[in-house]
């Protein structure tokens, strides 16, 4: 140990260490002042501190190798070297400072530009607009997420009853669950001036809902309140929140009071919870989830036999189950159960918007009655003119009966209520394509892909646009990217029909018929339409109608068969299917969109 200490003294390590520490400690507050003056980022300041710490060990190494026992003064050469290092370090420090300052200035300028852009966008948005962000589930049980989400969804539905208030739909609002975006960013993305946020805590038979509304432009509070009630009072809480929003924004209710459409008539909260849970499962559209959702809805009805809303939700779930996961007798049995459920809802609540919507969904998807479905949607929209889901149903119904321009206009209004919902843009793209607006259709399709890159059918739509433009190479490229095997195969075969090789086109046609003709006769008709073979096209369209091919009801917004709309056989087919001719005007009561 004595020998080691002697070597330390010989190399002057202690003196160097103390000297360096003194200089570093004196330098740190100076650097802090400079950092504040020039606005250095925190990362740069931490880096300098780390460099000073590492420099301590460098100094010790230098001292070990260059210390001389007999020298009481540092050699002139070393003094010059150290001086050079100090000068170099100072130069680098002052060189870094303006660079850091410039970097911060650039960052601040960018942030200012972004803030200015957001402010300009928000300034164009009406104050009478709101989005309900998903209420946080604070129960401690992730399985109870359906309850807080259900309350959020019902609050959205309640707010659509406020006249003149723009309310964003669930899908777009829920995109911002646990988002770190600023209120201004969320408001600009959703096109609203106000945001509602809060939380739900349920324990036993008590519920606490804390909710407030803030201004998107600056995050300032408009109002907030906490409701601590018995669970059975949850429906009253929903109504009170809606009334508070109406009062804060100085807008009027469409009726005398906000009425929760999904409230069980007997106020059975357990039935309400089962309905919420069942509805949450049913919309996942997987076989197991739909089955579980239907079972929960049936349990809700067992507790509350007169629960009209649950009957309607059950009807819609059964229709989806039949379409998606069933065939043959099982599908028809599901449809019959759906019809009975819809009849029960109509008997219990004949003049409700939810009843008309469920009835329209059944007529459209099961009974092949698009005109009847459109009339039901019109009635629902008259009662809920601000409801984006009903707008979307009505718009698609208008497209089905060939009312393309009103359909496109209403689809755009539906998009405004749920601007991040990809399927709304997909529907719009289909209608624009049928109108020959290829550029606008492409823009809508690419918006779908930007929102949801894996959305099925969108590359097929791009390929159809290419085909109608006569661009075989582009059509084939997009067909290869389509993830839906049926649509991918179809657009590839369609693309081959406009190519220069007739034998290749014939082979593609026959191959498609061999593989898909039995199950997709309507798409075979598309191929013959593009090949300008109307006899074969009408033959396959008739097969599609006879087989109840779901694609058949795209007839009046499908550009390929629409090329033959003036053929007498087209009129005969429309009459058989209960469809109006493209040039035929519907009765005003049916065609009116309510806007």
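Of note:
- Under the condition of being in a loop (DSSP other than H, G, I, E, B) and under 15 Å from the mean Cα position of the chain (by Cα), the residues counted in segment 397-418 number 1.
- Residue match in segment 321-341 (condition: under 25 Å from the mean Cα position of the chain (by Cα), at pLDDT 90 or above and surrounded by 21 or more Cβ atoms within 10 Å (Cβ to Cβ)): yes
- Residue satisfying condition, being more than 30 Å from residue 450 (Cα to Cα) and loosely packed, with under 15 Cβ neighbours inside 10 Å, within set 219, 242, 204: 204
- Candidates in segment 169-194 are the residues that are outside any helix (DSSP H, G or I) and in contact with a helix residue (DSSP H, G or I) (Cβ under 6 Å, 6 or more places away or on another chain); of these, the one that is nearest to residue 129 (Cα to Cα) is 169.
- Selection count where residues are in contact (Cβ under 8 Å) with a residue 12 or more places away in the chain and assigned to a helix (DSSP H, G or I), scope segment 514-538: 15
- Conditions (1) more than 25 Å from residue 226 (Cβ to Cβ); (2) more than 20 Å from the chain's Cα centre (by Cα); (3) touching a residue at least 40 places away in the same chain (Cβ under 8 Å): number failed by residue 169: (2)
- Positions within segment 548-566 being touching a helix residue (DSSP H, G or I) at 6+ places or on another chain (Cβ under 6 Å), part of a loop (DSSP other than H, G, I, E, B) and modelled with pLDDT under 95, in sequence order: 549
- Subset tally (residues that are under 13 Å from the mean Cα position of the chain (by Cα) and crowded, with 23+ Cβ neighbours inside 10 Å) for segment 419-435: 3
- Selection from segment 575-595 of residues that are in a helix (DSSP H, G or I), modelled with pLDDT of 85 or more and either under 18 Å from residue 431 (Cβ atoms) or within 36 Å of the chain's Cα centre (by Cα) (or both): 577
The values are calculated or read from the model by the stated rules, or taken from the named source; none is laboratory data. Remember, it's a predicted structure, so these values are computed and weren't measured experimentally. Neighbour counts run over all protein chains shown; Cβ positions are idealised from the backbone, glycine included.
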